[in-house]
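Written out below as structure tokens is the structure these notes cover.
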Amino acid sequence: MNEDAALARLRQLEIETPSWAYGNSGTRFHVYPWPGAARTVHERIDDAALVHRLTGCCPSVALHIPWDAVDDYGALRRYAEAQGVRIGAINPNLFGDDDYRLGSLCHPSKRVRALALRHCRECVEIAKDVGSSIISLWLPDGTNYSGQDDLRERFGRLTEGMQAVYAELPPGMRLLVEYKLFEPTFYSTDLPDWGTAALICRRLGPQAQVLVDTGHHPQGTNVEQIVAVLLAEGLLGGFHFNDRKYADDDLIVGSVDPFELFRIMHELARAPDTGDVALMIDQSHNVEGKIDAMIQSVMNIQTAYAKALLVNEERLAASQLGCDVLGAHRILQAAYETDVRPLLTRLRQELDVEPDPVEAFRVGGYAARLAEERGTASVESAYERT
Ligand code: LRH
Ligand code: MN
């Protein structure tokens, strides 16, 4: 499509940021504190609102329960709206409790499965209170050794448990089912791939769709093909965007393989009906500042989408049907090699934000002010004098 048509699609692009990426996070080795990092759900919402003000395209923030739990969710909703954002997907947490050692909805014990279901039911109530229409569910369930549990039994418990969660959904609320190859278990995962997630969603009903976390696949997986098939089947509910070099590294989206991100966004750009595909980021900023990393992530998604929208679909289809293999590939490559910075500058002018939102954050003194306000070490302490 031409630039004006691309601009119209870019104006509609909304990216949801995750509350949990604004706080200090790390690996099992260490959590390195970042000066001014958000510590409370209100500070995490403040930072998400700042990212929206600086990018113009992140009007909602996803919450994780109980990491973001409060006594009054109505008040939290009003607080978020007063900051200029709405509360998006509610993520139940079925891994942060000692009882979940051997799983949650797939656990051998009825008691633990009931505990997990109760938590999911609580999250549906929270979603109602905050005006959210999405429950985004990832199950850490699996086993570490062959023979540890009956794999077929676990699949039965999975289906039964997901049906019980699905039954809790009010009309209009969606259950996004997130799969992941492995971790925290290392022999079997009960929801390991898109196929199992699609089977479960088909079994549940129209309010259940698959969530594609871009870091949750075996090396070499063609993620854009999974996206194309799920779109074709009306089963693509949303994304957790991030990037990885090895496993579930949760790095800045587009920072390792921007061409893959472009190919994924191309499947979205050329699909007629992606209105309700939830574009969400899910990252962990272990060594870098949280807010500018999030802004850079948003810009990387905008860049990939802009390039994808500029693919000449007519010529591409003609080359594909004409069996011009290299010709077709070169049409995609040409779009990918297009410098879309001028187009994105036009977009940001229309959105009334700075042409480079990361630079705007950095020269705007936000980081120093937040470190000051939140009484942590100064931002300078994060950088070495060279
Ligand atoms: C699991 C996952 C899931 C979240 C968690 C923070 O790896 O991608 O989406 O619950 O990260
Ligand atoms: Mn995820």
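The values are calculated or read from the model by the stated rules, or taken from the named source; none is laboratory data. The shown structure was predicted, so the numbers you read here are calculated from the model rather than taken from an experiment. Note that we place each Cβ from the backbone using ideal geometry, even for glycine, and neighbour counts take in every protein chain shown. Note: accessible area is taken over every heavy atom of the protein model, side chains too, but ligands, DNA and RNA are not part of it. Shrake-Rupley method; radii C 1.70, N 1.55, O 1.52, S 1.80 Å.
A few notes on this one:
- Summed over segment 1-40, the residues that are within 18 Å of residue 134 (Cβ to Cβ), away from ligand 1 (no atom under 14 Å from the Cβ) and open to solvent by less than 50 Å² (accessible area, probe 1.4 Å) give a count of 2.
- Some residue of segment 250-268 being without any contact (Cβ under 8 Å) to a residue 12 or more places away in the chain and either buried (at least 20 other Cβ atoms within 10 Å of the Cβ) or over 28 Å from residue 102 (Cα atoms) (or both): no
- Residue within segment 292-302 that is open to solvent by 20 Å² or more (accessible area, probe 1.4 Å) and hydroxyl-bearing (Ser, Thr, Tyr) present: no
- Being more than 21 Å from residue 99 (Cβ to Cβ) and either open to solvent by 10 Å² or more (accessible area, probe 1.4 Å) or within 16 Å of ligand 1 (Cβ to nearest atom) (or both) holds for only one residue in 164, 127, and it is 127.
- Cβ separations smaller than 7 Å between residues 6+ apart or across chains give the following pairs from segment 346-371 residues that are farther than 18 Å from residue 35 by Cα to residues that are assigned to a helix (DSSP H, G or I) and open to solvent by 90 Å² or more (accessible area, probe 1.4 Å): 347/11; 350/11.
- Residue match in segment 60-69 (condition: in contact with an Asp or Glu (Cβ under 8 Å, 6 or more places away or on another chain), open to solvent by less than 10 Å² (accessible area, probe 1.4 Å) and assigned to a loop (DSSP other than H, G, I, E, B)): no
- Flag if residue 239 is over 23 Å from residue 190 (Cα atoms) and either assigned to a loop (DSSP other than H, G, I, E, B) or touching a residue at least 24 places away in the same chain (Cβ under 8 Å) (or both): no
- Residue within segment 272-292 that is free of Cβ contacts under 8 Å to residues at least 60 places away in the same chain, among the polar types (S, T, N, Q) and within 14 Å of ligand 2 (Cβ to nearest atom) present: no
- Screening segment 302-386 for helices (runs of 4 or more DSSP H) wholly inside it with 3 or more residues that are closer than 19 Å to residue 4 by Cβ returns the ranges 313-321, 341-350.
- Residues located in segment 85-110, provided they are without any contact (Cβ under 8 Å) to a residue 12 or more places away in the chain and among the charged types (D, E, K, R): 98, 101, 110
- Every residue from segment 172-213 that is under 16 Å from residue 141 (Cβ atoms), within 15 Å of ligand 2 (Cβ to nearest atom) and either open to solvent by 30 Å² or more (accessible area, probe 1.4 Å) or more than 16 Å from the chain's Cα centre (by Cα) (or both): 181, 182, 183, 184, 189, 191, 192, 193, 197
- Among residues of segment 70-88, those that are surrounded by 23 or more Cβ atoms within 10 Å (Cβ to Cβ) and touching a helix residue (DSSP H, G or I) at 6+ places or on another chain (Cβ under 6 Å), counted: 3
- Subset of segment 133-158 that is within 16 Å of the chain's Cα centre (by Cα) and open to solvent by 10 Å² or more (accessible area, probe 1.4 Å) - its residue that is nearest to ligand 1 (Cβ to nearest atom): 138
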